[in-house]
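For reference, the structure is listed below as structure tokens.
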């Protein structure tokens with residue numbers, strides 16, 4: 001059994017204050033028996049992609065490892081808590097990504113995932129700020145489980161969920177900044193279907209708060225491999241959501257519903273344009 005925590009939180013313009021809040025949430029998670037905590041998308045800054053094409057926001061980016069990651073590594077080591085974050089990464093001159101570093105319970109930076117699919121939607125002007133991710137679909141062996149990432153817009157692409165599953169993910173973490181009202185009626189349904197199709201746990205961590213015309217609605221949740229929502233946070237409120245995941249359930253479900261066994265990848269050329 002693995003207890004995880006999803007930090008459903010808001011952010012302000014003060015990054016240091018946001019980090020101090022993150023440290024408190026990490027302490028609370030550890031105090032409540034969690035082995036892993038996941039933060040929402042861009043948890044330590046305001047959600048700047050709501051502003052169209054303003055080059056001033058490139059100044060928010062930082063390298064990985066860098067100041068923010070180093071502080072969180074130290075805290076993760078102190079608490080012995082696997083910590084998954086999301087931030088704006090500067091990988092090189094003019095090269096920027098929406099990235100999720102994964103920190104193990106001993107403070108080791110295991111690596112990072114970069115958002116693969118870049119949105120261009122009302123209030124999500126991401127193509128100006130982000131390069132398409134180039135990390136592929138890594139899965140990280142943490143102290144408590146094998147985890148993969150689908151960052152915000154990535155979750156809408158079943159190919160990413162399947163790729164993470166085939167790479168051995170037991171838990172797919174989804175840090176997001178979702179406010180779009182049109183998504184509310186499929187908010188859980190979409191990830192429930194993905195959890196069933198891949199027979200993994202999926203944990204979605206959303207932010208809250210109002211920024212300009214955007215209101216992030218929260219409602220973070222966890223689905224098990226049977227597609228059942230086993231934990232759910234409130235709407236529009238800051239909350240530390242805890243969920244107990246019985247990883248053995250993955251094996252049990254796959255024995256009864258052997259979807260992965262019955263795949264026919266040699267016939268799926270149409271999916272890659274072949």
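Some notes on this structure:
- Global form of the range 96-201, assessed from the alpha-carbon gyration tensor, a/c cut-off 1.5: oblate
- Value of D in µm² per second that Stokes-Einstein yields for the range 2-272, Kirkwood Rh from Cα pairs, at 37 °C (0.692 mPa s): 177
- FRET efficiency, residue 55 to residue 23 (Cβ-Cβ, R0 35 Å, nearest 0.05): 0.70
- Going from the residue with the fewest nearby Cβ atoms within 10 Å to the one with the most, 38, 144, 9 rank 144, 9, 38.
- The modelled label-to-label distance for the pair residue 268/residue 3, using points 7 Å beyond Cα in the direction of Cβ, is 3.7 nm.
- Spin-label pair residue 257/residue 186, simplified geometry with 7 Å Cα→Cβ offset, distance in nm: 1.9
- By the count of other C-beta atoms within 10 Å, a proxy for reagent exposure, 185, 117 are ordered fewest to most as 185, 117.
- The overall shape of the range 161-274 is oblate: from the C-alpha gyration tensor, with semi-axes ordered a ≥ b ≥ c, the ratio a/c is 1.5 or greater and a/b is no larger than b/c.
- Report note on the peptides 228-234, 100-106: ranked by the mean count of other C-beta atoms within 10 Å, highest first, their order is 100-106, 228-234.
- The range 100-192, relative contact order [Cα under 8 Å, separation at least 6], %: 22
- Added length on full extension, which subtracts the Cα-Cα distance from 0.36 nm per residue, residue 238 to residue 215: 7.0 nm
Here, each number is a calculation from the coordinates, and none is a lab measurement. No experiment lies behind these values; they were computed from the predicted model shown. Positions of Cβ are generated from backbone atoms using ideal geometry, with glycine treated the same way; all protein chains shown enter the neighbour counts.
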